[in-house]
Amino acid sequence: MDRYGLIGFPLKHSFSKDYFNSKFSSEGIDAEYINFEIASIKDFKTVIKNNPDLKGLNVTIPYKEQVIPYLDGLSENARLIGAVNVIKFDRKKKKLKLTGYNSDIIGFKQSIEPLLQPHHKRALILGNGGSAKAIFYGLKQMGLDATYVSREKTSPQILTYSELSPEIMETHTIIVNCTPVGMWPNVNNYPDIPYNFVTNKHLLYDLLYNPNETLFMNKGEQQGAIVKNGLEMLLLQAFASWNFWNKGEE
């Protein structure tokens, strides 16, 4: 039996395990998908050693960047982004080769593209972790400018939440939440942006999918904005993961 899985911490609310095991069952695929909740990236080697039948892994928070030194190669997108959420295992030449891919960028682009209007030219990306980097390059590939927003000013290119002026909010009509703020069970939390400057020209996209409508989305909707959660992106990146594992295509 082939084995696939997910590494990250914590993994209590993971979507991937149920999705892939349902897929295997309905399509008669002799495989199983397992969650490997590891407290440190150093445990990655132990997961590989103890599971010689692994064919592929997904990677989630907080290891999308930390896992890269353990890999033998990266796809072009993964290299540009600097983050990996899919690992393909190649055992054909008796020596294990691990290649990192990024399916977040594929899922995001396919999901947001139908919502884009001509006035959507600039975006604010809330957060600056592995997922945020995939969103940044996804927007860039679609010809859109993007700026990171973080709690701390770690570089001149990053805005802090307190710097989100009326002018910045007016010109950046796409806002993507790449932080865990608002995720279940902390459903009463939301990113600290000035929602009073959000208009019906704005598109608020939340990578979270639990709850179905976050307060970030709800507050945007009250201002007339188009809103969307991350469930479709998750499904699309899962499709892409399967292709990487079985075809190795970008």
| task | Kindly provide the set of residues from region 2-59 that are small (Gly, Ala, Ser), farther than 19 Å from Thr99 by Cα and assigned to a strand (DSSP E or B), ordered by number. | result | Ala31
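Please verify whether region 206-213 includes one or more residues that are surrounded by 14 or more Cβ atoms within 10 Å (Cβ to Cβ), in a strand (DSSP E or B), in contact with a strand residue (DSSP E or B) (Cβ under 7 Å, 6 or more places away or on another chain) and at pLDDT 95 or above.
Scanning region 206-213, I find at least one residue that is surrounded by 14 or more Cβ atoms within 10 Å (Cβ to Cβ), in a strand (DSSP E or B), in contact with a strand residue (DSSP E or B) (Cβ under 7 Å, 6 or more places away or on another chain) and at pLDDT 95 or above, so the answer is yes.
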| said: Need pairs with beta-carbon distance below 7 Å; first residue of a type in the set (Asp, Glu) and within region 216-235, second in a strand (DSSP E or B); sequence gap 6+ or separate chains. | reply: Glu221/Val227
| query | Just one of Asn128, Asn102, Asn177 is modelled with pLDDT under 95 and not charged (D, E, K, R); which is it? | reply | Asn128
| request: Just name the residue that is modelled with the lowest pLDDT out of those in region 83-99 that are out of contact with any strand residue (DSSP E or B) (no Cβ under 9 Å at 6 or more places or on another chain) and farther than 15 Å from Gly248 by Cα. | output: Lys93
| said: Within region 114-123, take every residue that is touching a strand residue (DSSP E or B) at 6+ places or on another chain (Cβ under 9 Å) and surrounded by fewer than 23 Cβ atoms within 10 Å (Cβ to Cβ) and give me the one that is nearest to Gly230 (Cα to Cα). | reply: Leu115
| Does region 201-242 hold any residues that are more than 21 Å from Pro185 (Cα to Cα) and out of contact with any helix residue (DSSP H, G or I) (no Cβ under 9 Å at 6 or more places or on another chain), and which are they? | Glu221, Gly224
| query | Is there any pair linking a residue in region 178-197 that is without any contact (Cβ under 8 Å) to a residue 40 or more places away in the chain and not assigned by TED's automatic domain parsing to the domain that holds Glu167 to one that is in a helix (DSSP H, G or I) and of a type in the set (Gly, Ala, Ser), with Cβ under 9 Å and at least six apart or on different chains, and which? | reply | none
| Residue list for region 180-197, restricted to those being more than 17 Å from Leu231 (Cβ to Cβ) and part of a loop (DSSP other than H, G, I, E, B) | Val181, Pro185, Asn186, Asn188, Asn189, Tyr190, Pro191, Asp192, Ile193, Pro194
| query | Given the structure, is Lys140 among the basic types (Lys, Arg), touching a strand residue (DSSP E or B) at 6+ places or on another chain (Cβ under 8 Å) and in a helix (DSSP H, G or I)? | reply | yes
| under 17 Å from the mean Cα position of the chain (by Cα) and either at pLDDT 95 or above or not polar (S, T, N, Q) (or both), is that true of Phe36? | no
| request: Select from region 207-228 the residues that are under 20 Å from the mean Cα position of the chain (by Cα) and either among the hydroxyl-bearing types (Ser, Thr, Tyr) or more than 18 Å from Gln117 (Cα to Cα) (or both) and list them in ascending order. | output: Leu207, Leu208, Tyr209, Asn210, Pro211, Asn212, Glu213, Thr214, Leu215, Phe216, Met217
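The values are calculated or read from the model by the stated rules, or taken from the named source; none is laboratory data. Predicted, not measured: the structure shown is a model, and the values here were computed from it. Counting neighbours? That spans all protein chains shown, and the Cβs are built from the backbone with ideal geometry, glycine included.
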